[in-house]
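A.B. asks: Please read through the structure below; I'll follow up with questions.
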Amino acid sequence: MYSDKVMDHFRNPRNMGEIDDASGIGTVGNAKCGDIMRVYLKIENDIIEDAKFKTFGCGAAVATSSIATELVKGKTINEALQITNKAVMEALDGLPPEKVHCSCLAEEALQAALWDYAIKNNIQITGLKPPA
Ligand code: FES
Ligand code: FES
């Protein structure tokens, strides 16, 4: 039921941990299952230099956080905004229908971290919505 990529990122999550001097931190929770995902971003000159995550959640949530932090590294803020839950799922070669909401968590956590960065630096990021 899970793709090889999902299993790989679940068994060997990339970028697990924290960034001490993170530029932005986003924490989101999924009301459906109670799972929590936190994403740390290190941003310099508009580039996401580093990304890490901590997820207390299902295997799919771990896999989506892992791939989302991989996808976002090296991207500009604008490019990071294009990392939707759909992009996360595609990068994992799909998720079972009942696990789609876990990828929403990854998109929301990334955006929440960008929002935190924007607030801390008093800048506006076009197209970024405040966290729900
Ligand atoms: Fe639950 Fe998107 S996080 S539907
Ligand atoms: Fe909770 Fe996947 S079941 S995030």
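A.B. asks: Does the range 35-45 contain any residue that is touching a Leu at 6+ places or on another chain (Cβ under 9 Å) and surrounded by fewer than 18 Cβ atoms within 10 Å (Cβ to Cβ)?
C.D. replies: yes
A.B. asks: Name the single residue that is farthest from the chain's Cα centre (by Cα) among those in the range 37-49 being of a type in the set (A, V, I, L, M, F, W, C) and under 14 Å from ALA113 (Cβ atoms).
C.D. replies: Of everything passing the filter in the range 37-49, ILE43 is farthest from the chain's Cα centre (by Cα).
A.B. asks: Return yes or no: is LYS52 among the basic types (Lys, Arg) and more than 12 Å from the chain's Cα centre (by Cα)?
C.D. replies: Criteria not met by LYS52.
A.B. asks: Specify which of the listed residues (LYS32, LYS52, LYS86, LYS5) is basic (Lys, Arg) and buried (at least 17 other Cβ atoms within 10 Å of the Cβ).
C.D. replies: LYS52
A.B. asks: For ASN15, only one of the following conditions fails: (1) at pLDDT 95 or above; (2) surrounded by fewer than 16 Cβ atoms within 10 Å (Cβ to Cβ); (3) at positive phi. What is its number?
C.D. replies: (2)
A.B. asks: Residues to consider are THR84, THR69, THR76, THR126; find the one that is touching a strand residue (DSSP E or B) at 6+ places or on another chain (Cβ under 8 Å), over 18 Å from GLU18 (Cα atoms) and not small (Gly, Ala, Ser).
C.D. replies: None of the other options fit; the residue is THR76.
A.B. asks: Among the candidates ALA106, ALA80, which residue alone is more than 16 Å from VAL28 (Cα to Cα) and either surrounded by fewer than 16 Cβ atoms within 10 Å (Cβ to Cβ) or at pLDDT 95 or above (or both)?
C.D. replies: Unique residue meeting the criteria: ALA80.
Condition check ((1) away from ligand 2 (no atom under 13 Å from the Cβ); (2) modelled with pLDDT of 95 or more) across all residues:
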site: ALA31; (1), (2): no, no
site: GLU70; (1), (2): yes, yes
site: THR76; (1), (2): yes, yes
site: ALA91; (1), (2): yes, yes
site: LEU95; (1), (2): no, yes
site: ASN121; (1), (2): yes, yes
site: THR126; (1), (2): yes, no
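The values are calculated or read from the model by the stated rules, or taken from the named source; none is laboratory data. No experiment lies behind these values; they were computed from the predicted model shown. Please note: Cβ atoms are built from the backbone with ideal geometry, for glycine as well, and neighbour counts cover all protein chains shown.
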